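Notes follow once the structure below has been shown.
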Amino acid sequence: VTRTRYPDVAEIGLESVFSILEASGQVLGEHVWPALIRTLDALSGGDAAAVVRSTSQWSSSGNLAFRCLKLVVHDFFDYLPAPPSPAAEPVRSALLSCCASFGRSGHDINTSLTATSMLWTIADRDSAEGAHSIEPVLSKLLLLASDRRPEVRNCSVNTIFGCVVGQGQKFSLRQWQTCLAERGIFGVIDGVCNSRAATPPPADGTASPRFQMTVHHSRDSETKQWASTQCLALQGLGRLFRNF
């Protein structure tokens, strides 16, 4: 499944994976989970896979892989290795990377939004169990906050501040420093502001004087989309300051 270049072969393999998860996910050994999650990651359609699977012919297998991932996160999270097991860190790392890959995937916008929200789910579940995955979760969300699609980056920005406000009372000083550093929340705001400034203005229609088109002021544009993301980031920062 991981190496095949044929979508139909991948789908057959993923159907078997889904059936195994449904029937026996609760009894899978610790050593199985990292390989299984990395297999799903390879079918995400993200840009880090060894085989290019971002084309439309791979969308069906990508959706099936995402169904498997949702099964892992929502139904079998409690069966994944947890500290102090040595398998806990590789499994969490693979799971977060897999969610981020589906967040970057261009197959389906709803898949990307759901995968982004799943990062918060993992952070929240880990926090309830005394684990500490907030920093790697935030690092994945920070990458998604610069996505070219406004829906994904807005969802990521909202999720970042939701995570920090929800878990901030448990942060150590070092975690706050990491969270607010140049590569943290302030880095997100700088990145959004810079991207907005670098966005070319919409065409004014002067190139063809014979054909003039009146564009309503409310029409969405790339500049307005980045401005909306900037507003969300600043509102989130204000929410953070009010709470802490």
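The long axis of helix 109-128 is offset from the longest Cα principal axis of the chain by roughly 60 degrees. Comparing GLY62, ALA197, ASN158 along the charge dipole axis of the chain, the residue lying farthest to the positive side is ALA197, per the Cβ-charge model. Basic side chains Lys and Arg get +1 at the Cβ, acidic Asp and Glu get -1 at the Cβ, and with that the dipole of the chain about its Cα centre reaches some 680 debye. In this label model, PHE241 and LYS170 are separated by 2.7 nm, measuring between points 7 Å along each Cα→Cβ vector. For the chain, the longest principal axis of the C-alpha atoms and the axis of helix 222-243 are separated by about 60°.
Taking the longest Cα principal axis of the chain as reference, the axis of helix 7-24 is set at about 60 degrees. Looking at the calculated P(r) for the chain, what percent of the C-alpha pair distances fall above 24 Å? Percentage above 24 Å: 52. Each of TYR6, TYR79 was scored by other Cβ atoms within 10 Å of its Cβ. Arranged with the fewest first, they read TYR6, TYR79. Just checking the listed ones, ALA23, ALA115, ALA42: in the Gaussian network model of the chain with Cα springs under 10 Å, the one fluctuating most is ALA23. Placing unit charges on the Cβ atoms only, positive for Lys and Arg and negative for Asp and Glu, gives the stretch 1-131 a dipole magnitude near 360 debye about its Cα centre.
We did not get these values from a lab; they are worked out from the coordinates using the rules stated. No experiment lies behind these values; they were computed from the predicted model shown. When we count neighbours, we look across all protein chains shown, and the Cβ atoms used for this are built from the backbone with ideal geometry, even at glycine.
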